[in-house]
Amino acid sequence: MIEPATLEHVTEEPAETAADFREFYEAQHERLGRSLYLLTRSSHEAEELAQEALVRVYERWDRVRTMDSPVGYLYRTAMNLNRNRLRRLSVAARRLVTHAAPASDLDDVEERDGILSTLKFLPIGQRQAVVLVDWLGMDAEEAGRILGLKAVSVRVRLSRAHAALREALEANDD
Amino acid sequence: MTDLHDVLDRKARQFRTSGDDGFEKLIDRAERRHRRRRVTSGVVALAVAVAGSLGAYAMLTGGAKTDLGTSTYSGIWPQTTIEEAQIAQARANQGDDSLTHQQDAYGLVQTFAKDALWWTNVRPALISAAEAAGNGPLTTTVTGCTEGQMNTETDVLFCPDDALQTAEVTIERLVQRDPKGIWIVTAASVNGAQPSMHPSPMPPTESPGAPGPEDTTAAAVPSNVEAFVEAFIQARAEETLYAEEQLAWEALAAYDSNEGGLELYDYESDDGVSWEIATIEGLPNTDRWRVVLRIEGQGGDFPDSGVIHEALLVGSPGDGAPLKVLTAERTE
């Protein structure tokens, strides 16, 4: 297939290109990991997804580096990987007659925090929109490109998420 | 929502990386995968070479039969005998949708590159109106990617430079020499050599007036193929891993990257989505089947029409191996 040849090409790039990717890695790795942590609520899962997304970018670095938004490419890859992970988890969960809810790093912290406890029950699409726009500061157009959605769909998801979070905040205040 | 960013930021900082050697681990991971894929690509290349040889053999034996009765017939694709060509012409004249594209020179060259050479990202050279209105012989070129298109998680498609090829194709209206006459490939070369060609995936060419293609092909489909497809779509509708296990590498990559809008698991029967096999057609001279699925639902991931179609290529990926979905694409 094509991918090995692509990687071969990448790995044979001059040293400055490798340094170029390392610079990209250093700038993005932690921020990507944190974004995925907010989505997965697990450091281990977030680290794994971030690594995989960065490996895929590395394999295609000669092309990705020339794109308008290499960061957008990275995040879109990571979001797709997370979506696939959720599907597999969902399928696996359905196969079990009984199963315990997976442990997560966030389950045992600050459950009293209305926003967080509500965030984890938001549909994944809304949570992605919150992380990309509210935390990473992207606009709806950019988030839409990453999620494969129209900007208006991102705004709708955000609006619904904000309504749920606002309700949680008010309840928390009470 | 001003608090939201702060709360998220505070929580995001709880993310812990596994160590300081993350970059080295990433490089190791990429190199391990690279080595594994090199082995896999060798196996795939061998399988493709064998398949190509079998296809070429089938075509040669088919062509030999033609020569017995019609030594002047020069068509090599998609119809390899004058009888097939005459039947195809008659069906095209009757408006058979599966054949009318052959009345268009550009369309035939495009189909030839995709279905006979198995190229992707196909781009025929433009054909002038005068040439298209003639009867040929017309020699033109078509470029394409020999190793399939790149399927990434982000729908980015490209072809490595060494996989980009150009074929020289000669076509002619061999049966009916007017604008309704079907074009047929009479010669093709890539880098001066005749390429390995796969037989036409077009439906069997019965005589006009014979029973319709649906009736005929339905009767010819082996029960194990139909059962395989039924089990595959049921697994998708129920979101079980069985569906993924029935995919060959290329199909898995296509679904995994959502290529062209492909989704493996988004159409659950619980959501009122209905599945049916629209058509199954055997590809001539092969043990492969082109299956078109019709998936209908409302809202969600569905377009406004509520109906989508997927075309699957089903067959054994190797000698004696069980059936798999070899390739998949959204057709509308």
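Label residue B:131 and residue A:44 with points 7 Å out from Cα along Cα→Cβ: what is the distance between them in nm?
Roughly 6.2 nm, to one decimal.
What lysines could a cross-link reach from residue B:324, if we take a straight Cα to Cα line under 29 Å and drop same-chain neighbours fewer than 8 places away?
Partners found: B:114.
Just tell me how shielded A:125-135 is by partners: mean number of partner chain Cβ atoms within 10 Å of each residue's Cβ, no decimals.
Values: counts 0, 0, 0, 0, 0, 4, 2, 0, 1, 6, 8.
Counting other chains' Cβ atoms within 10 Å and averaging over A:125-135 gives 2.
Can you compute 3J(HN,Hα) from phi for each residue in region B:86-102, using the Karplus curve 6.51 cos²θ - 1.76 cosθ + 1.60 with θ = phi - 60°, rounded to whole Hz and x for Gly and Pro?
In residue order, the calculated couplings are 5, 5, 4, 4, 4, 5, 5, 5, 7, x, 4, 4, 6, 10, 4, 4, 6 Hz.
How high is the FRET efficiency from residue A:171 to residue B:263, r the C-beta distance, R0 25 Å, rounded to 0.05?
Values: r = 36 Å, r/R0 = 1.45.
E(calc), rounded to 0.05, equals 0.10.
Calculate the spin-label point distance for residue B:234 paired with residue B:139, positioning each point 7 Å from the Cα along the beta-carbon direction, and give it in nanometres.
Once both label points are built, they end up 5.6 nm from each other.
What FRET efficiency would be calculated for the residue pair residue A:162, residue B:25, taking the C-beta separation as r and a Förster radius of 51 Å, to the nearest 0.05?
Between residue A:162 and residue B:25 the formula returns 0.85.
Full extension from residue B:162 to residue B:74: what is 0.36 nm times the residue separation minus their Cα-Cα distance, to one decimal in nm?
28.5 nm
With solvent modelled as a 1.4 Å probe, how much accessible area in total do chains B and A shield from it at their shared surface, in Å² to the nearest 100? Don't skip to the end; give the middle numbers.
Values: alone 19110 and 11080 Å², together 24570 Å².
Between B and A, the summed buried area is about 5600 Å².
Per-residue Cβ counts within 10 Å, from other chains only, averaged over A:74-83: what number is that?
Other-chain Cβ atoms within 10 Å of each residue's Cβ, averaged: 3.
Need one value for A:29-36: mean number of C-beta atoms belonging to other chains within 10 Å of its residues' C-beta atoms. Don't skip to the end; give the middle numbers.
Numbers: counts 4, 5, 2, 1, 6, 8, 3, 2.
The shielding value for this peptide is 4.
At 7 Å along the Cα-to-beta-carbon direction for both residue B:226 and residue A:66, put a label point, then send me their distance in nm to one decimal.
The answer from the label model is 5.1 nm.
Kindly state, to the nearest 0.05, the FRET efficiency for residue B:191 paired with residue B:16, given R0 = 41 Å and r defined as their beta-carbon distance.
So the FRET efficiency works out to roughly 0.15.
The values are calculated or read from the model by the stated rules, or taken from the named source; none is laboratory data. All figures in this text were calculated on a predicted structure; none of them were measured in a lab. Positions of Cβ are generated from backbone atoms using ideal geometry, with glycine treated the same way; all protein chains shown enter the neighbour counts. Side chains included, ligands, DNA and RNA excluded: accessible areas come from the protein's heavy atoms. Shrake-Rupley method; radii C 1.70, N 1.55, O 1.52, S 1.80 Å.
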